[in-house]
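Peer 1: Before I ask anything, let me first share the structure, which is written out below as structure tokens.
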């Protein structure tokens with residue numbers, strides 16, 4: 001790479017996927033990736049530059065960078081925030097074993113399964129926002145639908161062990 005990318009540059013890394021540069025020094029980039037969270041990579045690593053930003057740190061506040069990062073990630077994905085998987089499950093495999101020994105097991109990468117769980121959670125949140133902001137639903141209908149969504153969250157609490165940050169876990173009726 002001939003030059004150092006500035007904060008806000010968008011890249012596509014062969015291992016980590018799409019991300020945004022959130023900090024820079026002469027040897028490293030701190031990149032927040034959509035699926036892998038914050039990772040540091042060497043400025044010499046191979047990756048695709050989707051959009052380069054000039055390195056003008058003096059004119060950009062951390063708040064502006066953080067806001068831009070959220071906007072960019074929302075534009076690229078259904079995921080509205082970066083949700084890291086618990087370290088002990090990174091790179092793991094989930095095995096579904098049928099009762100019948102003549103049938104073969106099904107292996108699913110835990111990262112893939114976790115990503116689908118997070119997408120489901122985010123879609124439930126969007127549905128919740130649409131219900132709450134609806135101009136055509138009556139208040140009682142909104143309350144009834146909100147209770148169903150809360151029960152859905154409660155049904156998904158089994159998967160909380162996969163979340164690295166407890167604040168991003170599912171909360172049912174008991175955990176409002």
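Any read-out appearing in this document is the output of simple, stated calculations on the displayed coordinates, not a laboratory observation. None of the values given here were measured: they were computed from a predicted structure. Counting neighbours? That spans all protein chains shown, and the Cβs are built from the backbone with ideal geometry, glycine included.
Peer 1: Multiplying the sequence separation of residue 167 and residue 107 by 0.36 nm and subtracting their Cα-Cα distance, what value in nm do you get?
Peer 2: Using 0.36 nm per residue and subtracting the Cα-Cα distance, I get 18.7 nm.
Peer 1: Related question: With a ≥ b ≥ c the root eigenvalues of the C-alpha gyration tensor of the stretch 1-55, is it rounded (a/c under 1.5), prolate (a/b larger than b/c) or oblate? Walk me through the intermediate numbers first.
Peer 2: Working: a/c = 1.38, a/b = 1.37, b/c = 1.00.
Rounded is the answer for the stretch 1-55, as its axis ratio a/c remains below 1.5.
Peer 1: Using a Förster distance of 45 Å, how high is the FRET efficiency between residue 134 and residue 157, based on the Cβ-Cβ distance and rounded to 0.05?
Peer 2: Rounded to the nearest 0.05, the efficiency is 0.95.
Peer 1: Using the eigenvalues of the Cα gyration tensor, what equivalent ellipsoid semi-axes result for the stretch 87-175 when each is taken as the square root of five times the eigenvalue, whole Å, largest first? Let's see the in-between values first.
Peer 2: Values: eigenvalues 210, 49, 27 Å².
Rounded to whole Å, the semi-axes are 32, 16, 12.
Peer 1: Would you list 95, 136 from fewest to most Cβ contacts within 10 Å?
Peer 2: Lowest to highest Cβ neighbour count: 136, 95.
Peer 1: In which sequence would 144, 122, 105 go, from the one with the fewest C-beta neighbours within 10 Å to the one with the most?
Peer 2: Ascending Cβ contact count within 10 Å gives the list 105, 144, 122.
Peer 1: Tell me the label-point distance for the pair residue 141, residue 97, using the 7 Å Cα-to-Cβ offset, in nm and rounded to one decimal.
Peer 2: It is 4.9 nm.
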